[in-house]
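To start, the structure under review is shown below, and the notes come after it.
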Amino acid sequence: MINKDVFHGFLQAIHHLPEMAQPDALTDAERLVRAKAVMRAKTDRGLALDLEACVNCGYCSEACHFYQSTNDPKYSPSRKLDLLRRVHARETSAFAPLKRLFLPDITLDDLKEWQELVYDACTECGRCSMICPMGVNTARGVNVMREALFEAGLAPLELTAVAQEQAGRGTVFGVGPDELRQTVDLLRSQGITIPLDEPQADLMLVTTVIDVLLFQDALAATARILNHLGVRWTLRSAGFEAANFGLLSGSESLQKAASQRLIDEALAIGAKTVILPECGHAYPALRWEARLADGRPLPFEVLAASEFVGREITAGRLQLQPPQDPSRKITYHDACKLARHGGVVDEPRAALKALGMDLRETTPTAEQNWCCGGGAGVFLINRAEGLRHQAWGIKREQIDATGADTVVVSCGSCRLNVMAGAEADAWPTTIESVVEMVARQLPG
């Protein structure tokens, strides 16, 4: 059961984040130089091809929830890369000397204007890339823009504050090892076995601040599933936080450091598998972008919780009891970072089908599913609340069209945004998580 007081307290904490940020003392000229240096350094062959391949057809706008919910052309995905495209044209393209004669340089005012476009108005969901006839990876370009703005000290204060906390103290929203132990003790008092800081384990489970504070039932459900399977697993207090505010804010150094904490702990216990919590952005951060210090691939498998559960059910190692209400109508919201970016589509559905309920697909679904509007840190940006809620309206209508009474998610950020939207709209649909629903139907 979610404690609504804790939920509202979390929302209140978000409102105070800007007060915690420590702005960089940079001159305007230094900000501009830093941003352009990142843009130049990150424009490799692939990104240059993306920047030059856009034919301004407008298809990406049809795929963008921010554009579709506002009809404002400034939110067109292709436009979000215009500054990056201009720097490339003037400084790194084949015709740069000629381009500089008539193409104006970017300014600090440009950077400030683009902060809204690449933070508030982009969840890096990747839907625009799915529909682009030229295959332009807009999400990657937006991520480079975030890195440029962060280096220039122009990231939103909310993301800056949490990134600085994670980099400086190793905590997120004040949650560190002590808070994890308190939650573990609470779950143990409920009769759930939670291994913590075991010296050796085949599987390392990581969690996130949201589960420690708010979605404790998700952590409990994952533990119950692992215990039922009889695997040798553990949490590690020195490396448990899956949330990566380096990735969200644009700090490459913090992104690597946050991932390294998890990697070090997995290596220390000889883990063969690391299970990520229901946290969308944690998946690409560790599975696709993390490496060993020498650049080699990680020597262990990284799986999302819903991916792991679906695999176990498909393999026959995890079987569930029949549901109490087989007529219950459920639908599934694909987290963008899992489905579009990670290909985790079939596994959550295998888990939900095993529940024996009336599973109804949205239209469109799977890789083409609409984003909830709150990912990539957008949920934490206070000024983006109105824009985010407009984008959420598309998701709400998509869910309503299925006739389902329950929407199931596999990402904590999605869950937060859907909960906030539901509260604002007095939306009656029940919001559940994959692991919690599976755990309720475990035998015994």
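Please determine whether any residue of segment 96-116 is in contact (Cβ under 8 Å) with a residue 40 or more places away in the chain, crowded, with 22+ Cβ neighbours inside 10 Å and in a loop (DSSP other than H, G, I, E, B).
Checking segment 96-116: not a single residue is in contact (Cβ under 8 Å) with a residue 40 or more places away in the chain, crowded, with 22+ Cβ neighbours inside 10 Å and in a loop (DSSP other than H, G, I, E, B).
Just need a number here: residues in segment 378-410 that are farther than 20 Å from Leu154 by Cα, assigned to a helix (DSSP H, G or I) and among the small types (Gly, Ala, Ser).
Final tally of qualifying residues: 3.
Which pairs turn up if I take residues in segment 364-377 that are of a type in the set (Asp, Glu) and look for partners that are surrounded by fewer than 24 Cβ atoms within 10 Å (Cβ to Cβ) and assigned to a loop (DSSP other than H, G, I, E, B) with beta carbon separation below 7 Å, at least 6 apart in sequence or on another chain?
Glu367/Arg340; Glu367/Val345
Is there any pair with a first residue in segment 193-219 that is more than 16 Å from Ala305 (Cβ to Cβ) and a second that is polar (S, T, N, Q) whose Cβ atoms are under 6 Å apart and which are 6 or more apart or on different chains, and what are they?
Thr193/Asn227; Pro195/Thr234; Asp197/Ser237; Glu198/Thr234; Ala201/Thr234
Are any residues in segment 275-316 in contact with a strand residue (DSSP E or B) (Cβ under 7 Å, 6 or more places away or on another chain) and of a type in the set (A, V, I, L, M, F, W, C), and if so, which ones?
Ile275, Leu276, Ala282, Leu286, Phe300, Val302, Leu303, Ala304, Ala305, Phe308 - these are the residues of segment 275-316 that are in contact with a strand residue (DSSP E or B) (Cβ under 7 Å, 6 or more places away or on another chain) and of a type in the set (A, V, I, L, M, F, W, C).
Tell me, please, whether a residue that is part of a helix (DSSP H, G or I) and surrounded by 17 or more Cβ atoms within 10 Å (Cβ to Cβ) can be found in segment 188-206. Reasoning before the result, please.
To start, the set of residues in segment 188-206 that are part of a helix (DSSP H, G or I) comprises 188-189.
Remaining after also requiring surrounded by 17 or more Cβ atoms within 10 Å (Cβ to Cβ): none.
So far as segment 188-206 goes, no, none of its residues is part of a helix (DSSP H, G or I) and surrounded by 17 or more Cβ atoms within 10 Å (Cβ to Cβ).
Are there any pairs, at least 6 apart or on different chains, whose C-beta atoms fall under 7 Å, with the first in segment 283-302 and among the small types (Gly, Ala, Ser) and the second not in a loop (DSSP other than H, G, I, E, B), and if so, which?
If the second residue must be not in a loop (DSSP other than H, G, I, E, B), the pairs left are Ala285/Leu247; Ala285/Gln255; Ala285/Ser259; Ala290/Ser259; Ala290/Ile263.
Considering segment 286-317 alone, what residues qualify as being among the hydroxyl-bearing types (Ser, Thr, Tyr) and more than 23 Å from the chain's Cα centre (by Cα)? I'd like the intermediate steps shown before the answer.
Here is the first cut: in segment 286-317, the ones among the hydroxyl-bearing types (Ser, Thr, Tyr) are 306, 314.
The one that is among the hydroxyl-bearing types (Ser, Thr, Tyr) and more than 23 Å from the chain's Cα centre (by Cα): Thr314.
Consider segment 162-177. How many of its residues are within 17 Å of Leu213 (Cα to Cα) and either assigned to a loop (DSSP other than H, G, I, E, B) or at pLDDT below 95 (or both)?
Here the count works out to 5.
Select from segment 10-43 the residues that are of a type in the set (D, E, K, R) and surrounded by 12 or more Cβ atoms within 10 Å (Cβ to Cβ) and write down the one among them that is farthest from Arg86 (Cα to Cα).
Here the residue is Asp24.
Taking into account only those residues within segment 118-150 that are acidic (Asp, Glu) and part of a helix (DSSP H, G or I), which is surrounded by the most Cβ atoms within 10 Å (Cβ to Cβ)?
Checked segment 118-150; the qualifying residue surrounded by the most Cβ atoms within 10 Å (Cβ to Cβ) is Glu147.
Restricting to segment 2-43, name every residue that is of a type in the set (Gly, Ala, Ser) and outside any helix (DSSP H, G or I).
Ala21, Ala25
Looking at (1) closer than 18 Å to Glu436 by Cα; (2) in contact with a strand residue (DSSP E or B) (Cβ under 7 Å, 6 or more places away or on another chain), which is the one condition that is false for Asp325?
(2)
Of (1) farther than 24 Å from Met134 by Cα; (2) in contact with a Cys (Cβ under 7 Å, 6 or more places away or on another chain), Pro104 satisfies all except one. Which?
(2)
Which residues, counting only those in segment 117-155, are under 19 Å from Cys371 (Cα atoms) and among the aromatic types (Phe, Trp, Tyr)?
Within segment 117-155, Tyr119 is the sole residue that qualifies.
Take the residues in segment 53-95 that are basic (Lys, Arg) and more than 22 Å from the chain's Cα centre (by Cα); name whichever of them is nearest to Ala384 (Cα to Cα).
By that ranking, first place goes to Lys74.
Which condition breaks for Ser413 when tested against (1) within 21 Å of Val212 (Cα to Cα); (2) surrounded by fewer than 24 Cβ atoms within 10 Å (Cβ to Cβ)?
(2) is the only condition that Ser413 fails.
Regarding Val55, is this residue in contact (Cβ under 8 Å) with a residue 60 or more places away in the chain, assigned to a helix (DSSP H, G or I), of a type in the set (A, V, I, L, M, F, W, C) and farther than 14 Å from Ser129 by Cβ?
No.
The values are calculated or read from the model by the stated rules, or taken from the named source; none is laboratory data. Since the model is a prediction, treat every value here as computed from it, not as a measurement. Note that each Cβ is placed from the backbone with ideal geometry, even for glycine, and that neighbours are counted across all protein chains shown.
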